[in-house]
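**Student:** Below is a structure I'd like to ask you about.
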Amino acid sequence: MNIEHFLTNANPSWMQYESDSDIVISTRIRLARNIANVRFPISFTEQDAEQIEHQLMNALLAINRENPNRFSYFKVKDMPQLQRQILVEKHLISPNLARRQKIGAFFLTEDESISILVNEEDHIRIQSLAQGMNLQQAYGEAKKVDRYLSKSIAYAYEDRYGYLTSCPTNVGTGLRASVMLHLPVLTMTKQMNALIQMMTRLGMVVRGIYGEGSDNLGNVYQISNQITLGKSEEVILQELEKVVEQIIQKEQLARKNLLLRAPAVLEDRLSRSLGTLKYAKILTSEEAASCLSNVRLGVSLGLLEPISQRKLNECMLIMQPGLIQQYAGATLQSTERDMYRAKLLQEKLNEQTRNNGEKGEDSYDV
Amino acid sequence: MICEHCKQRHANVTVTQIQNGQQMERHYCDVCAAQYHPFQFEMKEEPASLQQLMTNWFNFVPILKKENVAGSTAKTKACPTCGNTYRQFLKQVKFGCGDCYKTFSEQLPQLLEKIQAGTKHVGYVEEKHLKEKINQQISELRTLQQQAITDERFEDAAKLRDDIRALESKVEQGEEHA
Ligand SMILES: [Zn+2]
Ligand SMILES: [Zn+2]
């Protein structure tokens, strides 16, 4: 599979199911692993790096022969900046790996649900993505690859500390589980700060969706476990699931209240956002994210025409600067990007409206 | 002035907000101001009850414990494999290699208690590791068994033989699962 496949595809097959909740967007599992008796990337040599890549390649060649999960292999240093950026925007590789000059590689399955990052902060990071709330499934997939690799690779592992990692925040299980949530009304009603503080005390981390340190652009938050040592994988996943369920209930309640208290104002605001997406000629990523968030909320509350979550997820993805330029087929200055973004989102949403038109007015009630 | 929200663009809009009965001035750029303006609903969801709810979730035990700073005597010891000292580790917050965990075993528990839920791995056990450990136990038991036979303690030897068999079947099972 060549890299173009992964760059142009804004609707990978793992994203194609409609999830049952419009609040949960996706689930991500990451397992951090290192190879025994080889120094960690922070202090190893380029030779070490090469050898690790080779080991993984050999291990995965075997998996490709007997497994439908075929992996494609890419070296980071061979890739132009824009390609790296797009892969980060699609959450297929980390910003950290994308910045690498000499070392670093990754393996991707065709459906983009599993990626293996090589020589990032740790030698090996297995990542698995799933639509909606699917912690068990995503963990199961990551674990399959992990068990497979462990057949031919001796991991750095110790009785006392479990999987040894470069950073002590990952040691033990090496497991980071994350769920992406769309929480527009908790944000709007200013309940997020209190929630974030509480989650921190529960050993959870909350981040914006568009990378580390980013704001809650589009009101999408990523909730992850902070603890990796002293708790089993099962407990870590269960606790995250519980927290997420509680947050979902909170958001649902807040939505109900908002709808009761200010229905007309809300409908006006959300409709205007749809109007903006459909008719604006210039859209910054902030405005696009905010409008898409409102439209998502409006659709879910039945205040706007139905638009599939799949379509909205795709719009959220392609409005990012790297993907915009990929779609435009050219490097664009920021103003040009804002113009192209408006055009692209308009096209996407009009496709949708046409399809709805064919179904007729009744589709509202479905 | 820089926009309070995006912290990138120049702030040229002042928004006055009423928060908890207090008037507050906020400075935003055009772009951020346009986004903020629409939503002025101040939903009075009692934060106290929310806090209560969250605290009660899993009988939460605070992770952050006050801890004495680790003694500085052992801090100059360098890892024989990667050459890192504990001081260097603290600066980078990254270990240079797996052996650092052994090298800094004195300081580690204090650090891990602050950032983790414990200092011992209770998750998945590597199969190979499990096998190795059992094999080691088996060879230790075999030595004891030999000794018992030499000493003509045949009952002990028989018991040891059963223990060894039990462990051996464990290893075989592990191989089937792998
Ligand atoms: Zn701003
Ligand atoms: Zn070391």
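Only the coordinates and a few stated rules stand behind these numbers; no lab work does. None of these values were measured; they are calculated from a predicted model. FYI the Cβ positions are ideal-geometry reconstructions off the backbone, even for glycines, and counts take in every protein chain you see.
**Student:** Strictly over 21 Å apart at the Cα level, which of A:90/A:348; A:278/A:348; A:102/B:7; A:242/B:114; B:94/B:120 would you flag in this model?
**Tutor:** In this structure, A:102/B:7; A:242/B:114 lie more than 21 Å apart at Cα.
**Student:** OK, next. If a/c stays under 1.5 just call it rounded; otherwise compare a/b with b/c (prolate if a/b is bigger, oblate if not). Do that for the range A:1-121, with a ≥ b ≥ c from the square roots of the Cα gyration tensor eigenvalues.
**Tutor:** prolate
**Student:** Here's something else I'd like to know. Could you list which residues have their amide H under 5 Å from that of residue A:301, counting only those 5 or more apart in sequence or on another chain, with H placed in the peptide plane?
**Tutor:** none
**Student:** Using a/c under 1.5 as the rounded threshold, could you call the range A:215-334 rounded, prolate or oblate? The axes a ≥ b ≥ c are square roots of the C-alpha gyration tensor eigenvalues, and prolate needs a/b larger than b/c, oblate otherwise.
**Tutor:** It is oblate, given that a/c is not under 1.5 and a/b is not larger than b/c.
**Student:** Tell me, A:314, A:46 in order of fewest to most beta-carbon neighbours within 10 Å?
**Tutor:** Fewest-to-most Cβ neighbours within 10 Å comes out as A:46, A:314.
**Student:** Another question, if that's okay. Can you work out the Karplus-derived ³J(HN,Hα) for every residue in the range A:87-95? Use 6.51 cos²θ - 1.76 cosθ + 1.60 with θ = phi - 60°, whole Hz, and x for glycine or proline.
**Tutor:** In residue order, the calculated couplings are 5, 5, 4, 8, 6, 7, 10, 8, x Hz.
**Student:** Kindly put B:132, A:158 in sequence by how many other C-beta atoms sit within 10 Å of each C-beta, fewest to most.
**Tutor:** B:132, A:158
**Student:** Under 8 Å for C-alpha pairs, at least 6 residues apart: give me the relative contact order for the range A:104-198, rounded to a whole percent.
**Tutor:** 14 percent
**Student:** As I understand it, the dipole of the range A:18-171 uses +1 on the Cβ of Lys and Arg and -1 on the Cβ of Asp and Glu, about the Cα centre. Which of A:55, A:169, A:80 lies farthest toward its positive end?
**Tutor:** A:55
**Student:** Placing unit charges on C-beta atoms (Lys and Arg positive, Asp and Glu negative, everything else neutral), compute the dipole magnitude of the range B:101-178 about its Cα centre in debye, rounded to 20.
**Tutor:** 320 debye
**Student:** In terms of modelled amide H atoms, which long-range or inter-chain residues lie less than 5 Å from the amide H of residue A:26?
**Tutor:** A:132, A:180
**Student:** State to the nearest 20 debye the size of the charge dipole of the range A:37-169 about its Cα centre, where the only charges are +1 on K and R beta carbons and -1 on D and E beta carbons.
**Tutor:** 60 debye
**Student:** What shape does chain A have by the C-alpha gyration tensor, where a ≥ b ≥ c are the square roots of the eigenvalues, rounded means a/c under 1.5, and otherwise prolate means a/b greater than b/c and oblate the rest?
**Tutor:** Judged from the Cα gyration tensor, chain A comes out prolate (a/c at least 1.5, a/b above b/c).
**Student:** Counting only trypsin sites (Lys or Arg not before Pro) that are in a DSSP loop and have at most 10 other C-beta atoms within 10 Å, tell me the longest site-free stretch of chain A.
**Tutor:** The longest uninterrupted stretch comes out as A:103-280.
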